[in-house]
Each structure stands twice: as C-alpha cells, then as structure tokens.
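This report concerns only the one structure given below.
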Amino acid sequence: MHYWLFKTEPSAFSYDHLANALKQTAPWDGVRNYQARNFLRDDVQVGDEVFVYHSSIPEPAIVGIAKVVKAGYADHTAWDSSNEHFDPKSAPEKPLWYMVDVQAVCKLDQPVTLNVIKTEPALAHCSLFTRPRLSIHPITATEWQTIIDLSHPKSA
DNA sequence: GCCAACGTTGGC
DNA sequence: GCCAACGTTGGC
C-alpha cells in the first residue's frame, strides 16, 4: 500500500473530470517522463491512494483523493498519431509508456494549496520539492496524514 | 560518452 | 508571458 501525488493541469483533466467520468474512473494517460513512467509501471498498485494536484493555475493545490483500480499497463495513446501524446518510439509490441486507472474517492474538505504545503514544516522534504517538475510523486504515510489534517477546516 | 542546443514544466 | 530548473536529443 503506497501513497502518491499525481499532477494534472485542470484545463486538460481536472479532479471534477474524474469524478464525473463513467464509474468515476479514468486512465491516467499521457505521462511522458521516464521517472514518472517507472513509478506507473513498477510501483503504483491497485489500492494505492492518490492525491490529485492541480498545477499551472493561480493557486496550485491538492484538491482530491483517488484510488488506483488498475495497475500499470501500456499507454496506447502513444501509438495514436492523432493523439497529442503520440510517440513514434512506442509500439504495441514494445510499449514505452505506461498508465494506470484511477477512481475518484472524494474531494478534500478544502484544497491544500502549494503555499500551505510549502509553509508546513512536516512537508519540507516532500518529493514535490526534492524532485521539481516530476508529475508522479511518492508520498510517505506521514506526509499523507499531514495533508489530510491540513484539508480539514480549522475549528474555532 | 560529453555537452550544447533545445524543449518542457510549472510557479510566479 | 517570463524564465529557472530540468530532461532529452543529437553531433562529434
């Protein structure tokens, strides 16, 4: 059982897209980075929990939780020349890129913004900061709980 | 296998 | 839209 953080640009695919999808389930496709690919192919397992993070917006934030319902399999969008993530180096007989399927679990009570993440000492060594620009990040159980706590509205 | 040029990510 | 920080590509 592992925890992850998946980045997405909400203009392309948001948490709401996932929540509104058939069975609230969608493939997490289009990852074209080798480090992230290795996580998807080798380490992300059914039952793992995932924070969905919205990037490239005025206030980047973790907005919701998803769970992995299908482990790494070939990302066939790489074989489709009409797809924006087409990669001629990948082929069905020798897939280069991988994806997993995720299912929406719930939105956070309130988004945990990058600003909050940056200012929380317990998250100072989060993979988000040690591996900038990576789109798939491992999250420790401690970090996961810290972020869950931060997502709850402060009681008076 | 080095490394310069180029492309991408993503916060600001 | 800028640009820093990376990753990738390709000539040599």
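Structure summary
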read-out: Qualifying trypsin sites (Lys or Arg not before Pro) in region A:67-116, DSSP loop, other Cβ atoms within 10 Å at most 10; value: A:LYS89
read-out: Chymotrypsin sites (Phe, Trp or Tyr not before Pro) within region A:80-133, DSSP loop, no more than 15 other Cβ atoms inside 10 Å; value: A:PHE86
read-out: On Cα atoms only, tilt of A:141-151 relative to the major axis of chain A in degrees; value: 60
read-out: Quotient of C-alpha Rg and 2.2 N^0.38 Å, computed over region A:40-151; value: 1.20
read-out: Hits among lysines - C-alpha to C-alpha of A:LYS107 under 19 Å, sequence gap 8 or more where chains match; value: A:LYS7, A:LYS23, A:LYS67, A:LYS154
read-out: Residue-count net charge about A:ALA66 - beta-carbon cut-off 10 Å; Lys, Arg +1, Asp, Glu -1; value: -2
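Readers should treat all values here as calculations from the given coordinates under stated rules, not as data from a laboratory. Quantities reported herein were computed from a predicted structural model and do not represent experimental measurements. We place every Cβ from the backbone using ideal geometry, glycine too, and count neighbours over all the protein chains shown.
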